[in-house]
Amino acid sequence: MTARGLREPPAAKALLILAAVAYVLLMLILPLGAVLFEALHKGWDAWWVAVSEPDARSSIRLTLIVAAISVPLNTAFGIAAAWAVSKFDFRGKAALIALIELPFSVSPVVSGLVFVLLFGAQGWFGPWLQAHDIHIIFALPGLVLATLFVSFPFVARQLIPLMTAQGRADEEAALTLGASGWQTFWRVTLPNIRFGLLYGVLLCNARAMGEFGAVSVVSGHIRGETNTMPLQVEALYNDYDFVAAFAVASLLALLALVTLALKSALEWRYRGELAAMH
Amino acid sequence: MSIRVEHVSKSYSTYPAISDVSLTINDGEFVALLGPSGSGKTTLLRILAGLEEPEQGRIWFGGRDVTDAQASSRGIGFVFQHYALFGHMTVAQNISFGLDVMPRSSRPSRAAIRARVEELLGLTQLAGYGERYPSQLSGGQRQRVALARALARNPRILLLDEPFGALDAKVRRELRQALRKIHDELRLTSIFVTHDHEEAFELADRVALLDRGSVQQFAPPAEVKAEPANAFVSAFIS
């Protein structure tokens, strides 16, 4: 086929672009705009009051704590899993990859329920936990566990294809040059995967902060104590306190925008190096 | 340093990659492992480097049994077919890598490492390229960097896996001569893998011809050409 045959008529091109832009406007920009509009339509003062009242502050703090615990843990696990899967051959590798992806295919409600079944008052370990006065469900540990579960595949999934494509040659070169396994990891493997890793961490963080279903099951919805930001949004919305609900929601939306901006900024900042690596 | 391979075998699942190979390579010799793809030549080289484990047999470097030694402690230099240069490091950082990772007690001073890098850049005709990144170099230059990097810790044994495989004919010829010169100057014991018999005959003191995991003939090029050991050898070199 000639290049001429591949060229589409200008009308079709314009139509395609128009359709794509309209879709983005309708599905992404409009809802995001609606959140910001609702949050601010009674003015900045109302917004500030809504996000700074004690229950809202508590939900923000809780969300940050949960993310601060679960994101580093899942990052460490994700690197270890991706390293094992991509650099070594072992029995059950395909099964491990499938297991890593499991949280994506399980409904978040089920993910939360699993922990209630394990650690709830009627759960497997419930009586023992109660006897020792350890609180997991309806407390911070339960929120962290549920968040760990649902945000667990992001880093590993981002790294496995990347590290598999990179192969083992760089690591083998480092070994023949006398580097230990640890030195090889810090000096060769980690720099090779840093952008993929960063992207995975950003996605993992976005999910950890935004998760609703799984944490909803284990939270108990105690305002000022076990409500994370997404749960607080729902609680306020159910109270018909729309300004406050959208104010907290606008913070979550802001987080998404910051994540996106951070990723773009890093890609721009290191564009020379990114190009040099290929 | 001399190398002795004693009855080494290695198989991948059911198919034997190397079966009962024995070779003795003298100190200072330049040996080619020659054979078609799948003959086991690369596997044998990787076993020597410690990147693969043999199932049977022993490997000796001089008087030292290195069969169970880690790749990192064998004191060899290894040059990979596709260079395996570290893309996020400059040429100078690539070359000094082997020195930078040494334990503090035995690591040379920074000035000494810099001087060593300059010396190696000169040896491989790369003077002035230290601050470039690998992606800014041609294939032949990259392979020179890989060679310089492998030589940084002053290994006595140099192993090269199809070192010229990815290069065009003119660059191959230049690099062959440069490699032979460096081998002689540093009095290394070198082994390189190739599937090109002309390259093997031009460069090596002795050629080991492999087919299906075993050595068919191990002799100087003239002897292989004059008296091929069997039908495989005469077919492969014609």
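The values are calculated or read from the model by the stated rules, or taken from the named source; none is laboratory data. Every value quoted in this text rests on a predicted model; they were computed, and no experiment measured them. Cβ coordinates were reconstructed from backbone atoms using ideal geometry, including for glycine residues, and neighbour counts include every protein chain displayed.
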task: Please enumerate the residues belonging to the range A:184-217 that are surrounded by fewer than 21 Cβ atoms within 10 Å (Cβ to Cβ) and outside any helix (DSSP H, G or I).
output: A:Phe212
message: Any residue at all in the range A:144-159 that's without any contact (Cβ under 8 Å) to a residue 40 or more places away in the chain and within 21 Å of the chain's Cα centre (by Cα)?
response: no
Helices (runs of 4 or more DSSP H) wholly inside the range B:188-238 that include at least 3 residues being under 30 Å from B:Arg153 (Cα atoms): B:197-203
- line: Considering residues that are of a type outside the set (D, E, K, R) and in a strand (DSSP E or B), the number found within the range B:53-78 is 8
- line: Exactly one of B:Gln216, B:Gln143, B:Gln177 is assigned by TED's automatic domain parsing to the domain that holds B:Arg64 and either free of Cβ contacts under 8 Å to residues at least 12 places away in the same chain or under 25 Å from A:Ala173 (Cβ atoms) (or both), and that one is B:Gln177
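Would you tally the residues in the range A:157-179 being small (Gly, Ala, Ser), outside any helix (DSSP H, G or I) and surrounded by 15 or more Cβ atoms within 10 Å (Cβ to Cβ)?
2
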statement: Of (1) in contact with a helix residue (DSSP H, G or I) (Cβ under 6 Å, 6 or more places away or on another chain); (2) without any contact (Cβ under 8 Å) to a residue 12 or more places away in the chain; (3) within 24 Å of B:Thr189 (Cβ to Cβ), B:Ala127 fails just (3)
message: Please pick out the residue among B:Arg132, B:Arg142 that is outside any helix (DSSP H, G or I) and of a type in the set (Lys, Arg).
response: B:Arg132
task: Identify, by number, the condition in (1) of a type in the set (S, T, N, Q); (2) farther than 23 Å from A:Ala139 by Cα; (3) not in a helix (DSSP H, G or I) that A:Asn227 doesn't meet.
output: (2)
query: Given the conditions (1) touching a residue at least 60 places away in the same chain (Cβ under 8 Å); (2) under 18 Å from the mean Cα position of the chain (by Cα); (3) within 30 Å of A:Gln166 (Cα to Cα), which single one is not true for A:Ile97?
result: (2)
- prompt: Exactly one of (1) farther than 20 Å from B:Leu147 by Cα; (2) touching a strand residue (DSSP E or B) at 6+ places or on another chain (Cβ under 8 Å); (3) in a loop (DSSP other than H, G, I, E, B) is unmet by B:Gly28. Its number?
  reply: (1)
statement: The residue that is surrounded by the fewest Cβ atoms within 10 Å (Cβ to Cβ), considering only those in the range B:52-101 that are more than 9 Å from chain A (Cβ to nearest Cβ), within 19 Å of A:Ala169 (Cα to Cα) and of a type in the set (Ser, Thr, Tyr), is B:Thr90
